[in-house]
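Take a look at this one; I'll ask things after.
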Amino acid sequence: MAKKQTVHVKINGQQREAEVEPRLLLVHFIRETLALTGTHVGCDTSNCGACTILLNGKTVKSCTMFAVQADGADLLTVEGLFQDGKLHPLQEGFKQEHGLQCGFCTPGMLMSTYALLQRNAQPTENDIRWGISGNLCRCTGYQNIVKAVQYAAGKMAQGGAR
Amino acid sequence: MITKTSAEIGGMGHSIKRKEDSRFIQGKGNYVDDVHLPAMVYGHMVRSPYAHARLKSINTEKAKQLPGVLAIITGEDLAKANLAWMPTLFFDKQMVLATGKVLFQSQEVAFVVAHDQYTAADAAELVEVEYEELPVLVDPHKATDPSSPILREDREEKSNHIFHWEVGDKAATDKAFQSAAVKASVHAISQRCHPAPLETCGCVADFNRATEKLTVYLTSQAPHAHRTLFSIVGGIPEQNIRVISPDIGGGFGNKVPIYPGYVCAVVASLTLGVPVKWIETRSENLQSTGFARDYHMTAEIAADQNGKVKALRVKTLADHGAFNAAAQPTKFPAGLFSMCTGSYDFGASFCEVDGVYTNKAPGGIAYRCSFRITEAAYLIERVVDVLANQLKIDPAEFRRRNFIQPDQFPYKTPLGWTYDSGNYEGALNKALEMVGYSQLRKEQEEKRKKGELMGIGISSFTEAVGAGPAHTFDIAGIKMFDSAEIRVHPTGKAICRMGTKSQGQGHETTYAQIVAQELGIPASDVVVEEGDTDTAPYGLGTYASRSTPTSGAATAMAARKIRDKAKKIAAHLLECSEDDLEWETGKFFVKGAPSKSKSIQEIAFAAYTNIPAGLEAGLEAVNYYDPPNLTFPFGTYICVVDIDKGTGEVKVRRFVAVDDCGNVINPMIVEGQIHGGLTEGLAIAFMQLIDYDENGNVQGGSFMDYLIPTAVETPHWETGSTCTPSPHHPFGAKGVGESPNVGSPAAFVNAVVDALSHLGVKHIDMPITPWKVWKVLKEKGVN
């Protein structure tokens, strides 16, 4: 076993550090070491996107990185979307537009669409479909996820922006 | 008619937002892999690289030396406890861990337990297994060839043939064919695929040595049935087993069977006295757990010159893989496949199915369908199109001519089913209107002149969902009723527990709406809890679209029992006779004096504080509902495709889905179910395939190779509805979750074939990949 290394991250605004094996995947670091189980594992080939998080503002599939590679990074997971006592407009949108069923893909979907709205505040349906094309959902058929993102974009344009 | 309650009460017909969503959108769901118990350790499976091989030896010494490894269990170890094999859900048995030989690639060979999952995986690599390869049987059509190896040495019958099943009148059917003016046939494969819910299967088994109680957190669609099976097979007293299905990340039939990994985790926990977690990887999920379909089907129709159908003859070969692990009611080796006469008024019909073993993963389960009805609906809707095309009759008109008519219900099919209700032409007409059918046909004609390929596919399916009735349906002997228990608290709020288990269907919301409808307690005041066998009443679980037809019905019946008792209490409070009282949503009032009333909340309080003499305290009821029949939802789906002649790519331009599931509890949730099922239908028609090469190596064993549609491939769905209530269900509802998956594959395939029919194309097997279409176009000299 390789020597353990210390990883420091800022996650959802909090500084955390832990000693980990160099081979520990970032998703396991988040789920097991930091006990933030909102980020899910749905495959072993980086296809499904259930483990999507934001790393320094950009989406990554956290199963494709080692925790040690995230040393010093600023991470955002689904648990960090609820701020100042309020749901993020995307969270609201997913509920209002029935954008989820079993909920397993939802955290990854939320993080991908969060990043999408950061770079494109008024996405078209096509933009949204491509924006979530790295995230698989087996329940919804995606249509209501598209509507959920449109709901959030509308809400954020009205000044609910974050 | 269902009286619509106010929005505040939120009874049936209100699209109220889902109660379960709040935790899921905040990352606070509790799935099996989120369960973390003190001192928990991890299991990892060693699997066979070969499809068929003699197991010469297993050497676990090196693996055991690895620091952190706690135990390694082999088939020989399990054999000592008589657990090397376990029964399947269909009169067969399956190896938990291999002894003697392996029968499919990725079969379970040994189970490694270690302090953490990385060490467990390392140790699995160090387990040395010596195999001697044996000849492999992949093609089900060769299963009974004398030259093929006999796979199952454990069986008395030295044959790869599992069962022959037939239903209908063979002689009358053959006779009808002899005298028929017109005949048409199709050979169609409903290909092997996998439900692949986004959460894989897994468990945490926690045996407490002090209390002798085993708690199993399980990805289970049927927690009660699983508890009973754990008890019977494992010899653990049933009161000492508690199965908890927490949040489930999709099931679609994949989470109905019991898998070897569950058994190994339980054995490991019993052995070590600590909680053992086992979560399969996606590749393990696709390669070893319940596959679906793999039906190789031939259908023939006899008809007259006007296209009026007379008889149907169906012959099918079912590939079950290494063990018959079908999840079917025990009287039905091919499930509800004999629903293959579909929406049409056939005379004599005959259906036969033969099941065989091959060196493939065991199954097959009902993938988002009522026990093999997807195969049946696909076949009939395909062959009907073939016949219509042969007779040059428009496929919509052809269906219209042959539908079972509304006045024929209840309708007994020649293969033994009694449909409760239907209005097939109503759904067809609505779908034709929504899609603008005649305009599309004109457009198609124009396009053909220009050499462009456009197709319109229709599917007018009938589903049969909601098993029981108990006299006909059981799983492993346990009758297929289902249950609900409602407890109304003193302050008028309530908790309900059911024998079913949501995997995303929204039960926490819809069952609460049924209570709201029946008792007038606002849905927001009703908590629904499922999945804990220590607290919920017994039930058979959620699959085959049975939750609303069974537990939904039980909820209404339990609520009505509560209302009966509430009436007695109201009479006491209002100092009148029960006969003088009338019910209006949420209250009893004195006939002719509506101001003299008691609300359900006041009555609930009295049930604990001011009980009439002679009446038991409290306000609760339980109901075990045995439906008198299945419910028969139906619909018409119409798909419009454009095909790229250069690449063979099929683009779904439009898809109209008109569903009739009777009275609707929550329209938003029903529409969501339709969207999801259509997307899985799309996936089956165009993408999903678990294939095997000649050596039995699984192709499609990971998400790199097993294609799942993303948002980009998925079209925009257009939905509509008609309403034909079930005459026997307490509130006229029918199941719906699976209709779109059952009805849609034929619509997609019919559309593609329709686009190519003028070239002489009669059928293309699923999944219809661009490569397949491109090859057809090349053969026909189009590109």
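The values are calculated or read from the model by the stated rules, or taken from the named source; none is laboratory data. Quick caveat: nothing in here was measured; it's all calculated off a predicted structure. Note that we place each Cβ from the backbone using ideal geometry, even for glycine, and neighbour counts take in every protein chain shown.
Output the qualifying pairs, or none if there are none: Cβ atoms under 6 angstrom, residues six or more apart or on different chains, first residue in the stretch B:249-273 and free of Cβ contacts under 8 Å to residues at least 40 places away in the same chain and within 14 Å of chain A (Cβ to nearest Cβ), second residue in a helix (DSSP H, G or I) and of a type in the set (K, R).
none
Also, quick follow-up: Can you name the residue in the stretch B:73-125 that is in a strand (DSSP E or B) and charged (D, E, K, R) and, of all such residues, is surrounded by the fewest Cβ atoms within 10 Å (Cβ to Cβ)? Talk me through it step by step, then tell me what you get.
Let us first name the residues in the stretch B:73-125 that are in a strand (DSSP E or B), namely B:73-74, B:85-87, B:93-95, B:101-102, B:108-114.
Checking which are charged (D, E, K, R) leaves us with B:93, B:101, B:108.
Details: B:K93: 16, B:K101: 21, B:E108: 24.
Among residues in the stretch B:73-125 that are in a strand (DSSP E or B) and charged (D, E, K, R), the one surrounded by the fewest Cβ atoms within 10 Å (Cβ to Cβ) is B:K93.
Something else about it: Tell me, which strands (runs of 3 or more DSSP E) wholly within the stretch B:416-516 include 1 or more residues that are in the same structural domain as B:V527 (by TED's automatic domain parsing) and at pLDDT 95 or above? Step through it out loud before you land on a result.
Numbers: elements: B:453-462, B:482-488, B:494-498.
So the answer is B:482-488, B:494-498.
Right, another one. Residues to consider are B:F371, B:F409; find the one that is surrounded by 22 or more Cβ atoms within 10 Å (Cβ to Cβ) and either at pLDDT 95 or above or of a type in the set (A, V, I, L, M, F, W, C) (or both). Outline the logic, then answer.
Values: B:F409 fails: surrounded by 22 or more Cβ atoms within 10 Å (Cβ to Cβ).
Criteria check complete, one pass: B:F371.
Confirm whether B:S57 is out of contact with any Leu (no Cβ under 7 Å at 6 or more places or on another chain), surrounded by fewer than 24 Cβ atoms within 10 Å (Cβ to Cβ) and more than 14 Å from chain A (Cβ to nearest Cβ). Spell out how you get there, then give the answer.
Working: out of contact with any Leu (no Cβ under 7 Å at 6 or more places or on another chain): yes; surrounded by fewer than 24 Cβ atoms within 10 Å (Cβ to Cβ): yes; more than 14 Å from chain A (Cβ to nearest Cβ): yes.
It is true that B:S57 is out of contact with any Leu (no Cβ under 7 Å at 6 or more places or on another chain), surrounded by fewer than 24 Cβ atoms within 10 Å (Cβ to Cβ) and more than 14 Å from chain A (Cβ to nearest Cβ).
Only residues that are more than 19 Å from B:G504 (Cβ to Cβ), in contact (Cβ under 8 Å) with a residue 24 or more places away in the chain and either of a type in the set (D, E, K, R) or surrounded by fewer than 15 Cβ atoms within 10 Å (Cβ to Cβ) (or both): list them for the stretch A:106-138, please.
Once the filter is applied, which keeps residues that are more than 19 Å from B:G504 (Cβ to Cβ), in contact (Cβ under 8 Å) with a residue 24 or more places away in the chain and either of a type in the set (D, E, K, R) or surrounded by fewer than 15 Cβ atoms within 10 Å (Cβ to Cβ) (or both), the stretch A:106-138 yields A:Q118, A:A121, A:Q122, A:E125.
Could you run through the stretch B:302-329 and say how many residues are outside any strand (DSSP E or B) and within 27 Å of B:H141 (Cβ to Cβ)?
The number of residues fulfilling the criteria is 8.
Within the stretch B:12-29, is there a residue that is assigned to a strand (DSSP E or B) and modelled with pLDDT of 95 or more?
Step one: list which residues in the stretch B:12-29 are assigned to a strand (DSSP E or B), which gives none.
Looking through the stretch B:12-29, none of the residues is assigned to a strand (DSSP E or B) and modelled with pLDDT of 95 or more.
Shifting gears a bit: Is it the case, given these coordinates, that B:H507 is within 14 Å of chain A (Cβ to nearest Cβ), under 23 Å from the mean Cα position of the chain (by Cα) and of a type outside the set (A, V, I, L, M, F, W, C)? Reasoning before the result, please.
Details: within 14 Å of chain A (Cβ to nearest Cβ): yes; under 23 Å from the mean Cα position of the chain (by Cα): yes; of a type outside the set (A, V, I, L, M, F, W, C): yes.
Answer is yes for this residue.
So, one more: Take the residues in the stretch B:274-287 that are among the polar types (S, T, N, Q) and within 11 Å of chain A (Cβ to nearest Cβ); name whichever of them is farthest from B:L218 (Cα to Cα). Don't jump to the end; show me each part of the working.
Taking the stretch B:274-287 first, the residues among the polar types (S, T, N, Q) are B:281, B:283, B:285, B:287.
Now restrict to residues that are within 11 Å of chain A (Cβ to nearest Cβ): B:281, B:283, B:285.
Details: B:T281: 15, B:S283: 19, B:N285: 15 Å.
This residue is B:S283.
Something else about it: Condition (residue is surrounded by fewer than 18 Cβ atoms within 10 Å (Cβ to Cβ), not in a loop (DSSP other than H, G, I, E, B) and not hydrophobic (A, V, I, L, M, F, W, C)) applied to the stretch B:669-680: is it met by at least one residue? Steps first, please.
Taking the stretch B:669-680 first, the residues surrounded by fewer than 18 Cβ atoms within 10 Å (Cβ to Cβ) are none.
There is no residue in the stretch B:669-680 that is surrounded by fewer than 18 Cβ atoms within 10 Å (Cβ to Cβ), not in a loop (DSSP other than H, G, I, E, B) and not hydrophobic (A, V, I, L, M, F, W, C).
Further, regarding this structure: Scan A:G93, A:G103, A:G141, A:G99 and give me the residue that is out of contact with any His (no Cβ under 6 Å at 6 or more places or on another chain), at the interface with another protein chain (Cβ under 7 Å from one of its Cβ atoms) and buried (at least 24 other Cβ atoms within 10 Å of the Cβ).
On the way: A:G93 fails: at the interface with another protein chain (Cβ under 7 Å from one of its Cβ atoms); A:G141 fails: out of contact with any His (no Cβ under 6 Å at 6 or more places or on another chain); A:G99 fails: at the interface with another protein chain (Cβ under 7 Å from one of its Cβ atoms).
From the options A:G93, A:G103, A:G141, A:G99, the qualifying one is A:G103.
Hey, another quick one. So which residues in the stretch B:576-623 are of a type in the set (G, A, S), under 42 Å from the mean Cα position of the chain (by Cα) and within 24 Å of B:T3 (Cα to Cα)? Before you say what the answer is, go through the steps one by one.
Narrowing the stretch B:576-623 to residues of a type in the set (G, A, S): B:577, B:586, B:592-593, B:595, B:597, B:599, B:604, B:606-607, B:613-614, B:617-618, B:621.
Now narrow it down to the ones that are under 42 Å from the mean Cα position of the chain (by Cα): B:586, B:599, B:604, B:607, B:617-618, B:621.
Answer for the stretch B:576-623, where residues must be of a type in the set (G, A, S), under 42 Å from the mean Cα position of the chain (by Cα) and within 24 Å of B:T3 (Cα to Cα): B:G586, B:S599, B:A604, B:A621.
Within the stretch B:582-596, track down each residue that is in contact with a helix residue (DSSP H, G or I) (Cβ under 7 Å, 6 or more places away or on another chain) and under 15 Å from B:I562 (Cα atoms). Give the steps one after another, and end with the answer.
Going residue by residue through the stretch B:582-596, those that are in contact with a helix residue (DSSP H, G or I) (Cβ under 7 Å, 6 or more places away or on another chain) are B:583, B:586-588, B:590-591, B:596.
Residues satisfying the conditions are B:W583, B:G586, B:K587, B:F588.
Shifting gears a bit: Just for the stretch B:181-208: of the residues that are assigned to a strand (DSSP E or B) and of a type in the set (A, V, I, L, M), which one is nearest to the other protein chains (Cβ to nearest Cβ)?
So the residue we want is B:V204.
Considering the stretch A:69-83 alone, what residues qualify as being away from chain B (no Cβ under 11 Å) and touching a Lys or Arg at 6+ places or on another chain (Cβ under 9 Å)?
If we filter the stretch A:69-83 for residues that are away from chain B (no Cβ under 11 Å), which is where we start, we get A:69-76, A:83.
Correct list: A:G72, A:A73, A:D74, A:L75, A:Q83.
Within the stretch A:1-11, track down each residue that is more than 21 Å from the chain's Cα centre (by Cα) and either closer than 19 Å to A:V78 by Cα or part of a loop (DSSP other than H, G, I, E, B) (or both).
If we filter the stretch A:1-11 for residues that are more than 21 Å from the chain's Cα centre (by Cα), which is where we start, we get A:1-6.
Answer for the stretch A:1-11, where residues must be more than 21 Å from the chain's Cα centre (by Cα) and either closer than 19 Å to A:V78 by Cα or part of a loop (DSSP other than H, G, I, E, B) (or both): A:M1, A:A2, A:K3, A:K4.
On to the next question. In the set B:A751, B:A746, which member is farther than 15 Å from B:L453 by Cα and either modelled with pLDDT under 95 or of a type in the set (A, V, I, L, M, F, W, C) (or both)? Spell out how you get there, then give the answer.
Details: B:A751 fails: farther than 15 Å from B:L453 by Cα.
That would be B:A746, the only listed residue that is farther than 15 Å from B:L453 by Cα and either modelled with pLDDT under 95 or of a type in the set (A, V, I, L, M, F, W, C) (or both).
Of the numbered conditions (1) more than 9 Å from chain B (Cβ to nearest Cβ); (2) of a type outside the set (G, A, S); (3) under 26 Å from A:A157 (Cα atoms), A:F66 satisfies every one except a single condition; which is it?
Failed condition: (3).
Any residue at all in the stretch A:1-21 that is surrounded by fewer than 20 Cβ atoms within 10 Å (Cβ to Cβ), on the phi < 0 side of the Ramachandran plot, of a type in the set (K, R) and modelled with pLDDT under 95?
Within the stretch A:1-21 (the criterion being surrounded by fewer than 20 Cβ atoms within 10 Å (Cβ to Cβ), on the phi < 0 side of the Ramachandran plot, of a type in the set (K, R) and modelled with pLDDT under 95), the answer is yes, since at least one residue qualifies.
On the given criteria, is B:G696 over 22 Å from the mean Cα position of the chain (by Cα) and in the same structural domain as B:V435 (by TED's automatic domain parsing)? Let's see the steps before the verdict.
On the way: over 22 Å from the mean Cα position of the chain (by Cα): yes; in the same structural domain as B:V435 (by TED's automatic domain parsing): yes.
So B:G696 fits the description; yes.
Any idea which of A:C43, A:C48 is outside the structural domain of A:P107 (by TED's automatic domain parsing), over 14 Å from the mean Cα position of the chain (by Cα), over 15 Å from A:F66 (Cβ atoms) and modelled with pLDDT of 95 or more? Break it down into steps so the answer makes sense when it comes.
On the way: A:C48 fails: over 14 Å from the mean Cα position of the chain (by Cα).
Unique residue meeting the criteria: A:C43.
Further, regarding this structure: Tell me, which helices (runs of 4 or more DSSP H) wholly within the stretch B:223-301 include 2 or more residues that are within 30 Å of B:C340 (Cα to Cα) and not hydroxyl-bearing (S, T, Y)?
Working: elements: B:223-234, B:260-272, B:282-288.
Correct list: B:282-288.
Which one is nearest to B:W165 (Cα to Cα) among residues in the stretch B:126-145 that are in contact with a helix residue (DSSP H, G or I) (Cβ under 8 Å, 6 or more places away or on another chain) and either within 14 Å of chain A (Cβ to nearest Cβ) or surrounded by fewer than 21 Cβ atoms within 10 Å (Cβ to Cβ) (or both)? Walk me through how you get there before you give the answer.
Of all residues in the stretch B:126-145, those in contact with a helix residue (DSSP H, G or I) (Cβ under 8 Å, 6 or more places away or on another chain) come to B:126-128.
Within this subset, residues satisfying the condition of being either within 14 Å of chain A (Cβ to nearest Cβ) or surrounded by fewer than 21 Cβ atoms within 10 Å (Cβ to Cβ) (or both) are B:126, B:128.
Values: B:L126: 46, B:E128: 43 Å.
Only one residue fits best here, namely B:E128.
Yes or no: the stretch B:583-598 includes at least one residue that is assigned to a loop (DSSP other than H, G, I, E, B), surrounded by 23 or more Cβ atoms within 10 Å (Cβ to Cβ) and in contact (Cβ under 8 Å) with a residue 24 or more places away in the chain. Before you say what the answer is, go through the steps one by one.
We begin by selecting, within the stretch B:583-598, every residue assigned to a loop (DSSP other than H, G, I, E, B); these are B:585-586, B:591-592.
Applying the additional criterion that residues be surrounded by 23 or more Cβ atoms within 10 Å (Cβ to Cβ) yields none.
No, that holds for no residue.
Could you look through the stretch A:28-56, keep only residues that are among the hydrophobic types (A, V, I, L, M, F, W, C) and within 19 Å of B:G250 (Cβ to Cβ), and pick out the one that is farthest from the other protein chains (Cβ to nearest Cβ)? So that I can check it myself, show each step before the final result.
Keep residues of the stretch A:28-56 that are among the hydrophobic types (A, V, I, L, M, F, W, C), which gives A:29-30, A:34-36, A:41, A:43, A:48, A:50-51, A:53-55.
Okay, now just the ones that are also within 19 Å of B:G250 (Cβ to Cβ), so A:41, A:43, A:48, A:50-51.
Working: A:V41: 7, A:C43: 4, A:C48: 6, A:A50: 6, A:C51: 11 Å.
Per the stated criteria, the residue is A:C51.
Can I ask one more? Does the stretch A:12-25 contain at least one residue that is within 13 Å of chain B (Cβ to nearest Cβ) and within 15 Å of the chain's Cα centre (by Cα)?
Residues of the stretch A:12-25 that are within 13 Å of chain B (Cβ to nearest Cβ), as a first pass: A:12, A:20-25.
Still in the list and also within 15 Å of the chain's Cα centre (by Cα): A:12.
Yes, because at least one residue in the stretch A:12-25 is within 13 Å of chain B (Cβ to nearest Cβ) and within 15 Å of the chain's Cα centre (by Cα).
Hey, among the residues in the stretch B:696-725 that are assigned to a strand (DSSP E or B) and β-branched (V, I, T), which one's nearest to the other protein chains (Cβ to nearest Cβ)?
Within the stretch B:696-725, the first condition is being assigned to a strand (DSSP E or B), and the residues that meet it are B:698-699, B:717-721.
If we keep only those that are β-branched (V, I, T) as well, we get B:698, B:719.
Numbers: B:V698: 14, B:T719: 9 Å.
My answer is B:T719.
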